[in-house]
Amino acid sequence: YVAAVYEHESILSPAPAAPVERRAALELMARNLDIYEQQVLAAARQGAQIIVFPEDGIHGFNFTRSSIYPYLDFIPYSHPGKWNPCREPYLYNDTEVVQRLSCMALQNKIFLVANLGSKQPCERWEPRCPPDGRFQFNTNVALGADGALLATYRKHNLYFESAFDTPAQPDHALFDTPFAGRFGMFTCFDILFYEPAVSLIRRYNLKQIVYPTAWMNQLPLLSAVEFQQAFSTAFNVNILAANIHHPTLGMTGSGIYTPVKSFIYHNMESYGGKLIVAEIPVITADYKTNLEKTAGRVSEKGEGKEQSPPSFYAEMMYDNFTFVPLWGEKGELQVCANSLCCYLNYEKAVLTDELYALGVFDGLHTVHGTYYVQACALVKCGGLSFSTCGQEVTDATALIDFQLWGNMSTPYIFPLLLTSGITLDFADHMGWKNNHYFLSKNRTSAGLLTAALYGRWYEKD
């Protein structure tokens, strides 16, 4: 099928915390919706059957709970598929934004997924009803090619979003298409947690995901395109991921991902949006995902007599990693922390004076969210001293053949493989063998930035 995602540079309110009238809020959002309309038309002309827009693309961000209120639409959460906002605008008040989105879908005969703010009144005696008498949600809508509202999703894992409420139960949002079967959807930070992302995919055996996001890149392990690709690979799903484009805030990185090929956009230099349109295969066969499959071969540890290099500590992603440096053009390394040991066999195909290190972390990550991580990571350091390992690096020249493995305690492993210029590569082999997860690659297509096994131990969050 042919899919489109649009990385949107949203027109932002100059003073998001200042109160405005609904009319002024609608005027600002209309400017963003005008751009959406052009992109839907462009995508439809290229044969796209579905288009996805980013999180916060219509209203922007940095609001307070009260200042965002004029920007919120009313969205009915029950009876999906029963309401067509374009054809029946009179059914509910305060639905101007979703009406416009619905008409774009209808006029271009395209499925459309977008993110907006929504409101739901509640009685103050209801449990969890906020003092102001309403719930405010970070919401995705999926609209059919006829304009009907097919599904809604309210973001569950909020990322410092004081303007919004968390729904009482995680939404499992699904919608069916004639061209690729069933899609599931969730938003941004949700991708790092079991609910709803993992449970949705496993419960409904999903193969297609739509993913609006407003992701601030964090190298070396959580760049947007890097993690989106890893998620697609780990769960054997196609992901249509649309990110916001604001390079000054570190926000870029969208793509259409399959487990074996990606069409990505990552650009920290330019301004303006970017439309990606690609034809991708529908994944139907439920061959085993990377969570279960075994492939390739893990070489047994050689009885090396050479002195192994010293281990050292450095901060990476706000976590205290234990590292060992890669000295020499080839070698075998091991580094452990708590119950996790990481192993690396490597040979540098192109010798450079860059410093690389193998790092391990097994613990609770506590900055910008709390979640348990088990990670084995081969990274290029920022400079030639140990203290630079774990820094954000975007360019590298060393080509390295490697086999990386670890005795991970969780089945949820996201294989990261990032190369120079924030480009992606694919492993030759990966999977489970003898209770170890491994990733191997002969000769990356460009200089190696990061090769990592990023494990999420959800039960220990």
(request) Would you work out the charge dipole size for the chain about its Cα centre, treating the Cβ of every Lys and Arg as +1 and the Cβ of every Asp and Glu as -1, and quote it to the nearest 20 debye? (result) 900
(request) Given a cut-off of 25 Å, name the pairs among Lys155/Lys207; Lys109/Lys155; Lys82/Lys109; Lys330/Lys441; Lys261/Lys441; Lys109/Lys261 whose C-alpha atoms lie farther apart than that in the structure shown. (result) Lys109/Lys155; Lys109/Lys261
(request) Mind listing the long-range amide H neighbours of Cys122? Cut-off is under 5 Å, sequence gap 5 or more, other chains count too, H placed in the peptide plane at 1.01 Å from N. (result) Arg134, Phe135
(request) Distance between Cα centroids, the range 211-248 to the range 380-456: provide it in whole Å. (result) 16
(request) Within 10 Å, count the other beta carbons around each residue, average over each peptide in 26-37, 437-448, and list them highest first. (result) 437-448, 26-37
(request) For the range 108-148 and the range 16-37, write down the distance between their C-alpha centroids in whole Å. (result) 17
(message) Charges at C-beta only: +1 for Lys and Arg, -1 for Asp and Glu. How large is the resulting dipole of the range 1-155 about its Cα centre, in Debye rounded to 20?
(response) 260
(message) Once ligands and nucleic acids are excluded and a 1.4 Å probe is used, how much of Glu126 is accessible, expressed in Å² to the nearest 10?
(response) 60
(message) For the ranges 212-221, 256-265, 116-125, what's the packing order if you count other beta-carbon atoms within 10 Å of each residue, average per peptide, and put the highest first?
(response) 212-221, 256-265, 116-125
(request) Provide the per-residue ³J(HN,Hα) series for the range 207-215, in order, calculated from phi with Karplus coefficients 6.51, -1.76, 1.60 and θ = phi - 60°, each as a whole number of Hz, with x at glycine and proline positions. (result) 10, 10, 10, 10, 9, x, 8, 10, 9
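The values are calculated or read from the model by the stated rules, or taken from the named source; none is laboratory data. Just so you know, these numbers come straight off a predicted model, no measurement behind them. Every residue, glycine as well, gets a Cβ built from its backbone with ideal geometry; the counts of neighbours run over all protein chains shown. Just so you know, the surface numbers come from the protein's heavy atoms only, side chains and all, with ligands and any DNA or RNA stripped out. Shrake-Rupley method; radii C 1.70, N 1.55, O 1.52, S 1.80 Å.
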